[in-house]
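Each reported figure results from applying straightforward, stated rules to the coordinates on display, with no laboratory input. Small disclaimer: the values here were computed from a predicted structure and weren't measured. Quick reminder, even Gly has a Cβ in these numbers, built from the backbone with ideal geometry, and neighbours come from all protein chains shown.
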Number of protein chains: 2
Amino acid sequence: MNELFAATAVGSWKLIVSRLDERLGPLDEEQLQKQVAPGKNRLFYLLAHLTAVHDRMLPLLGIGERLHPELDDAYITNPDRTIADPLSASDLKKAWNDVNAAITSGVEKFSTEDWLKKHTAVSDEDFAKNPTRNRLALFLNRTNHASFHTGQMALIK
Amino acid sequence: MNELFAATAVGSWKLIVSRLDERLGPLDEEQLQKQVAPGKNRLFYLLAHLTAVHDRMLPLLGIGERLHPELDDAYITNPDRTIADPLSASDLKKAWNDVNAAITSGVEKFSTEDWLKKHTAVSDEDFAKNPTRNRLALFLNRTNHASFHTGQMALIK
């Protein structure tokens with residue numbers, strides 16, 4: 001029962017990540033420079049933003065160390081087009097794939113108890129008050145966050 | 001344990017719905033006519049689309065009969081601006097709130113067994129092959145779908 005609950009949540013994550021892979025995988029450097037709407041974020045920025053946010057999940061979920069902390073400055077701290085892209089499209093795609101593979105592999109090893117542990121961004125006090133602030137909540141939240149930006153990317157035909 | 005898993009998933013749904021409420025609740029009829037980007041869907045269309053899709057969740061999750069099947073033609077079957085809006089902004093907001101309240105109330109009564117039952121759009125054969133095609137999967141999928149369109153709406157400041 002518990003295993004099926006967790007497997008369903010992981011299935012939802014995999015589906016969202018695979019849709020992004022299908023959408024962005026075939027695009028080249030130039031195509032990734034397109035903005036999702038006039039004056040809005042580029043596809044490149046959004047993919048790098050998601051890579052950085054997913055990379056942060058590794059310590060938050062207790063899976064391991066970050067793989068690409070160097071992305072935060074350009075893609076989390078600062079808005080698009082303020083800092084020159086520090087990596088190529090092919091390096092970005094590799095980072096995206098590596099980070100997601102590490103998360104998927106990590107959560108597939110979680111026991112039910114692991115899923116219900118607090119994530120590391122919540123204090124002990126807050127977690128005692130609200131035990132739904134667990135790793136599953138963070139995982140679902142980030143899946144929704146990826147969907148949020150996928151919706152923006154989908155505005156480009 | 002099981003209750004906490006389900007409560008976490010419901011918490012994720014409530015968070016996404018409440019963010020949409022905060023974003024769209026204060027907007028009037030005219031503001032809801034804005035397109036999320038040039039030539040793209042209006043906020044009104046997207047809110048009605050989400051209302052219709054969520055309304056369909058009621059029978060799919062075995063909660064009950066649909067409340068607003070009349071929205072499908074204008075907001076699921078057809079793209080934006082092909083059919084005149086059959087309802088006012090205030091009626092749409094009421095429908096949106098009523099549908100989400102019915103779903104939230106319904107899923108909060110689910111037992112673990114209920115969550116893991118197949119949803120009604122899957123055949124018995126397919127469900128036997130893949131038991132993650134359950135009500136929880138549909139519920140997470142629709143939460144992601146709402147996030148997808150929320151990302152588009154967020155392009156309007």
At residue A:105, label 7 Å along Cα→Cβ: distances to the other copies, nm, ascending? 4.8
Count neighbours as other Cβ atoms within 10 Å of each site's Cβ, and list the GluC sites (Glu not before Pro) in the range B:56-157 that are DSSP loop with at most 12 such neighbours. B:65, B:108
Cα centroid separation - the range B:97-157 against the range A:91-107, whole Å: 26
With n ≥ 4 as the cut-off for DSSP H runs, can you work out [θ] at 222 nm for chain B, using -39500 (n - 2.57) per run divided by the number of residues, rounded to the nearest 500? -18500 deg cm²/dmol
Helix B:135-153 axis, angle to chain B major axis (alpha carbon atoms, nearest 10°): 20
How far apart, in nm, are two points set 7 Å out from the Cα along the Cα-to-Cβ line at residue A:14 and at residue B:65? 4.0
Just to be sure I understand: with springs between alpha-carbon atoms less than 10 Å apart, which residue in A:62, A:25, A:39 has the highest mean-square fluctuation in the Gaussian network model of chain A? A:39
DSSP-loop trypsin sites (Lys or Arg not before Pro) across the range B:102-144, with at most 15 other Cβ within 10 angstrom: B:109
Past 26 Å, Cα to Cα, is the threshold; run A:93/B:157; B:93/B:157; A:34/B:94; A:94/B:117; A:117/B:94 against it and keep the listed order. A:93/B:157; A:34/B:94; A:94/B:117; A:117/B:94
Let me check I have the definition right: for the range A:100-147, take the eigenvalues of the Cα gyration tensor, multiply each by 5, take square roots. What are those semi-axes in whole Å, largest first? 20, 13, 8
Taking the Cα atoms of the range A:4-75 alone, what are Rg (to one decimal) and Dmax (as a whole number) in Å? 14.4, 43
Restricting attention to the alpha-carbon atoms of the range A:75-126, what are Rg (one decimal) and Dmax (integer), both in Å? 16.4, 43
How large is the dipole of the range A:15-142 about the Cα centre if only Lys and Arg carry +1 and Asp and Glu carry -1, each at its Cβ, rounded to the nearest 20 debye? 440
Debye, to nearest 20: dipole size of the range A:70-117, +1 on Lys, Arg Cβ, -1 on Asp, Glu Cβ: 140
List, shortest first and in nm to one decimal, how far the label point of residue A:127 (7 Å from Cα along Cα→Cβ) is from its counterparts in the other copies. 3.6
Total charge of the residues flanking residue A:82 in space, meaning their Cβ is under 13 Å from its Cβ, with Lys and Arg +1 and Asp and Glu -1, is -1
Given 10 Å bins starting at zero, what is the percent of C-alpha pairs of chain B in each, up to the one with the largest pair distance? 10, 39, 33, 15, 3
Under 17 Å Cα-Cα from residue A:40, which aspartates and glutamates qualify once same-chain neighbours fewer than 8 residues away are excluded? A:30, A:80, A:85
Shortest-first distances to equivalent copies, position residue B:14, nm, label 7 Å out along Cβ: 3.0
